[in-house]
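Input: a single structure, listed below in structure tokens.
The values are calculated or read from the model by the stated rules, or taken from the named source; none is laboratory data. Note that the structure is predicted; figures quoted are calculated from it, not measured. Cβ sites come from the backbone with ideal geometry, for glycine too, and all protein chains shown count toward neighbours. Just so you know, the surface numbers come from the protein's heavy atoms only, side chains and all, with ligands and any DNA or RNA stripped out. Shrake-Rupley method; radii C 1.70, N 1.55, O 1.52, S 1.80 Å.
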Amino acid sequence: MRRTRMRVPALLLVLMLMLSSVVGPSVAIAAQDAATPSTEASPGASPVEGESGVVDLDVLFIGAHPDDEASRLSTYGQWNEFNGMQVGVITITRGEGGGNAVGTEEGPALGLIREQEERAAVGLAGIEHIYNLDKVDFYYNLSAELTEGAWGYDETLERVVRVIRATTPEVIVTMNPSPNTHGHHQMAARFAVAAFDAAGDPSVFPEQIEDEGLQPWSPSRIFTSSFVPGAPVGESCAEAIASQDGAELVFGVWGGVASELNDGQTWAQVERTAQRMYASQGWAGFPDVPEDPEEIGCDIFALIDSRAPFTVGNADPTAMLEGALFDTTGGLPAGTMFDVEASQFDVVAGQPFEVTSTAELPDGQASDVSVSYELPEGWTAESGEATMEASDEGASYTETVTVVPAEDADVGRVRITATLSVDGATGQNVDIVQVTPPVEGHLEPLPQVAHYREWLEQVNQPALDTLIKPVVPIGVGETRDITVTVTNNTADEQDASVTIVLAEGFTTDNDTQGLTLAANETTTLTFAVTNEDTSLPTGAAGGLGGDYLLDIRTVASGVASTEEAGINLVPVVNVPAIGAAQDSATPVAATPVASPVAAAPTVDGVVTEGE
């Protein structure tokens, strides 16, 4: 059935967001809509106001600081100029905790400078609506837990959900949620992913519906900005990116397209001009982009989730919007909802699981509806139950099939592509499953990785676990026990062996260990690893991008699997105990010292009371 938009007038939205800070701390928000276009905006930028001055966004970017959207302004500008798409931005902080390359302002004064920089910059891409959620911007860190504690999970999520419900975007773009980037960026992305489902659930923050007049809203699609080392350049970059191997779907939008609104400059050049406006962050000196469009690359985005049909392999500049804001290339009208979900993420060769496809058809009562499945060679899909419910507004179709992986299915991720056909019009959607080996071994995660995986389970997005590489730190010249978690994924007893493969300069007294596991049993093995070559570079200079090789290879029932992990080699400092031995000839008052401690602190990366 066709989705009804609850449009909120721009002025009412601003008042509602500001008023909520008075209602109570649980709904405190100071988000502000940039209803007045920046004076730096491109001359062709049209106001977002439509009927009665409503704010009706097509795309919403969710980031942590002013400038987080800057690397994709080429894409948003193209969508605005050539397709009339209205893009908005949520900025969780005003960036008041960042550096200042243009003056001495700090704190709130710097936040105002960065806000103005952002408004001027995004104006060049036709973006007129920015929502500042006014969470505190504090120092750079790699901790999502620290950031979550400072911002408050439920309170910040509520603010993000409010903006989504008020502005009804079809497509959301966000950052990298994994624990290998700025903690603020991690949490901005995690709020975006959580809000993708929460905004459409009437039981989540119901006071927004009951007291503020908003309605549940489910965006059609969500992406994360992605970076691919060595990505192709030139006009064909989007096609090359769309045809890449792998289960995940990645999209490219070429920045070499000329902008008529900007005197024929490429959109990559316009984006660079915009980026230089973030002068407080030292960006004013960014170099020019290549003049030859064939030397310009693509903005790259990875699909997180979709509720709307599209065409797998479509490399058009608007491929990310297909089905959500435009009809599919196969003819399904925009507004059609098509969701595909496997009953489990981890599957085992030869063992069945279910896939459910659900469609909501907006244009009348369809007479011929079906779903077909594209599976790897040797996999089968056995027909299951299908139901059709018709109404005056359209029809809903649900189908569940049983999928059986091949007995010799390769270990790794697999894309299941479902094609919806409605009276001859078609569109696709995908889900990803992971073929697990009979027995698998994994490096015990660091605390921040364990926290991330708990969140992935909470939001039901296990496929995002690819965004982080397992690592373990070892001090120069030290020995550390490395724990490997071993799991039997079958209903039978399994004999297995686990081998760790180390880079040169690292050794272990026992690189292979055997074990027997009962059905579905999980246990742990410990390997003592020593850094013998103390001349190896440490930190980011060490190994490959800061990681020395640590592969975990597991074999059982003739099936081998390897987890590619890494060792972070870190410097070691010996700190003598304060006050352990003082010269009695030295007056105590002349050299103040701390009281001696009973034991040396434990440096283990785990936050305990008082740390």
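How large is the accessible surface per residue of the chain, computed with a 1.4 Å probe and reported in Å² as a whole number? Walk me through the numbers before you get to the answer.
Values: 27290 Å² over 611 residues.
Using a 1.4 Å probe on heavy atoms only, each residue of the chain averages 45 Å².
Given the rule -39500 (n - 2.57) for each run of at least 4 DSSP H residues, summed and divided by the residues of the chain, what is its mean residue ellipticity at 222 nm, to the nearest 500 deg cm²/dmol? Display every interim value, and only then the final one.
Numbers: 10 runs with 113 residues, N = 611.
Calculated at 222 nm, the ellipticity per residue is -5500 deg cm²/dmol.
Using only the Cα atoms of segment 166-274, each taken as one equal point scatterer with no solvent, compute I(q) by the Debye sum, divide by I(0), and report log10 of the ratio at q = 0.14, 0.17 Å⁻¹.
Values, matching the q order: -0.82, -1.02.
So what J values fall out for segment 85-97 if you push phi through Karplus, 6.51 cos²θ - 1.76 cosθ + 1.60 with θ = phi - 60°, rounded to Hz, Gly and Pro as x?
With the stated coefficients, segment 85-97 comes to 6, 9, 10, x, 9, 9, 10, 5, 10, 9, x, 6, x Hz.
Quote the FRET efficiency, to the nearest 0.05, computed for Thr417 versus Lys469 with a Förster distance R0 of 30 Å and r equal to the Cβ-Cβ distance.
Details: r = 27 Å, r/R0 = 0.92.
Once rounded, the FRET efficiency stands at 0.65.
Between Rg and the Kirkwood Rh of segment 224-363, both from Cα atoms, what is the Rg to Rh ratio?
Details: Rg = 19.0 Å, Rh = 17.7 Å.
Dividing the radius of gyration by the Kirkwood radius yields 1.08.
Select from Leu112, Thr417, Thr466 the residue farthest towards the positive end of the dipole of the chain; place +1 on Cβ of Lys and Arg, -1 on Cβ of Asp and Glu, and compute about the Cα centre.
Going by the Cα projections, it comes out as Leu112.
Name the long-range amide H neighbours of Ile482: under 5 Å, sequence gap of 5 or more, or other chain; modelled H, no Pro or chain starts.
Phe527, Ala528, Val529
Ignoring ligands, DNA and RNA, what percent of the accessible area of segment 123-167 is carbon or sulfur (1.4 Å)? Please report the intermediate quantities before stating the final value.
On the way: 740 of 1300 Å².
Using a 1.4 Å probe with all protein chains present, segment 123-167 comes out at 57 percent carbon and sulfur.
Please compute the length gained on full extension between Ala247 and Val572, using 0.36 nm multiplied by the number of residues separating them and subtracting their Cα-Cα distance. Spell out each step's value before the answer.
Numbers: separation 325, 0.36 × 325 = 117.00 nm, distance 4.09 nm.
Result: 112.9 nm gained on full extension.
Amide H neighbours of Asn132 under 5 Å, at least 5 residues apart or on other chains, H built in the peptide plane: list them.
Gln32, Thr91
Grab the alpha carbons of segment 491-545, take their convex hull, and tell me the volume per residue in Å³. Write out the running numbers ahead of the final one.
Values: hull volume 5.8 nm³, N = 55.
Residue-normalised Cα hull volume stands at 106 Å³.
Rank His184, Thr554, Pro405 by how far each Cα sits towards the positive end of the charge dipole of the chain (+1 on Lys, Arg Cβ; -1 on Asp, Glu Cβ) and give me just the farthest.
Of the candidates, His184 comes out farthest on the positive side.
Could you look at segment 329-475 and say what percent of its accessible area is carbon and sulfur, using a 1.4 Å probe and all protein chains? Intermediate results must be reported in sequence, preceding the final value.
Working: 2870 of 6670 Å².
In segment 329-475, the share of accessible area belonging to carbon and sulfur is 43 percent.
From the convex hull of the Cα coordinates of segment 115-164, what is the mean projected area in square nanometres?
Details: hull surface 18.0 nm².
Result: a mean projected hull area of 4.5 nm².
Figure the gain on full extension for Asp368 and Thr181 (residue separation times 0.36 nm, minus the Cα-Cα span) and round it to one decimal in nm.
Numbers: separation 187, 0.36 × 187 = 67.32 nm, distance 4.79 nm.
Difference between extended and current length: 62.5 nm.
For segment 295-444, report the convex hull volume of the alpha-carbon atoms normalised per residue, in Å³, without decimals. All intermediate terms of the calculation are to be shown ahead of the outcome.
On the way: hull volume 22.6 nm³, N = 150.
Here the figure is 151 Å³ per residue.
How big is D for the chain, in µm² s⁻¹ as a whole number, if Stokes-Einstein is applied with the Kirkwood radius of its Cα pairs at 10 °C and 1.306 mPa s?
Details: Rh = 26.9 Å.
Taking Rh from Cα pairs, D becomes 59 µm²/s.
Taking amide H atoms as placed 1.01 Å from N in the peptide plane, list the residues 5 or more away in sequence, or in a different chain, whose amide H sits under 5 Å from that of Ile304.
Here the answer is Ile222, Phe223, Thr224, since their amide H atoms fall under 5 Å of that of Ile304.
Which order, highest average first, do 189-200, 335-346, 483-494 follow once you tally other Cβ atoms within 10 Å for each residue and take the mean per peptide? List each step's numbers first, then the result.
Numbers: 189-200: 24.3, 335-346: 19.2, 483-494: 17.4.
Ranked by mean Cβ neighbours within 10 Å, highest first: 189-200, 335-346, 483-494.
For segment 469-574, with the dipole built from +1 on Lys and Arg beta-carbon atoms and -1 on Asp and Glu ones, taken about the Cα centre, which of Thr524, Phe506, Leu569 lies farthest toward the positive end?
Positive-most Cα among the choices belongs to Leu569.
Taking every alpha carbon pair in segment 67-124, what does the distance histogram look like in 10 angstrom bins from 0, in percent?
Whole-percent P(r) values from 0 Å outward: 22, 46, 23, 9, 0.
Mind ranking 347-355, 323-331 by how tightly packed they are, going by the mean number of other C-beta atoms within 10 angstrom, highest first?
Those peptides, ordered most packed to least, come out 323-331, 347-355.
So if I place +1 on the C-beta of Lys and Arg and -1 on the C-beta of Asp and Glu, and nothing else carries charge, what would the dipole magnitude of the chain be about its Cα centre? I want it in debye, nearest 20.
Numbers: 23 positive and 92 negative charges, 274 e Å.
With Lys and Arg at +1 and Asp and Glu at -1, about 1320 debye.
Jot down the per residue volume, in cubic angstrom and as a whole number, of the convex hull over the alpha-carbon atoms of segment 125-220. Show your work: numbers first, answer last.
On the way: hull volume 11.1 nm³, N = 96.
Given the Cα convex hull of segment 125-220, per-residue volume reads 115 Å³.
Quote the FRET efficiency, to the nearest 0.05, computed for Ser343 versus Leu142 with a Förster distance R0 of 60 Å and r equal to the Cβ-Cβ distance.
Details: r = 35 Å, r/R0 = 0.58.
The computed FRET efficiency comes out at 0.95.
To the nearest 0.05, how large is the calculated FRET efficiency for Gln265 and Asp481 if R₀ is 51 Å and r is the Cβ-Cβ distance? Intermediate results must be reported in sequence, preceding the final value.
Values: r = 58 Å, r/R0 = 1.13.
Plugging the Cβ-Cβ distance into 1/(1 + (r/R0)^6) gives 0.35.
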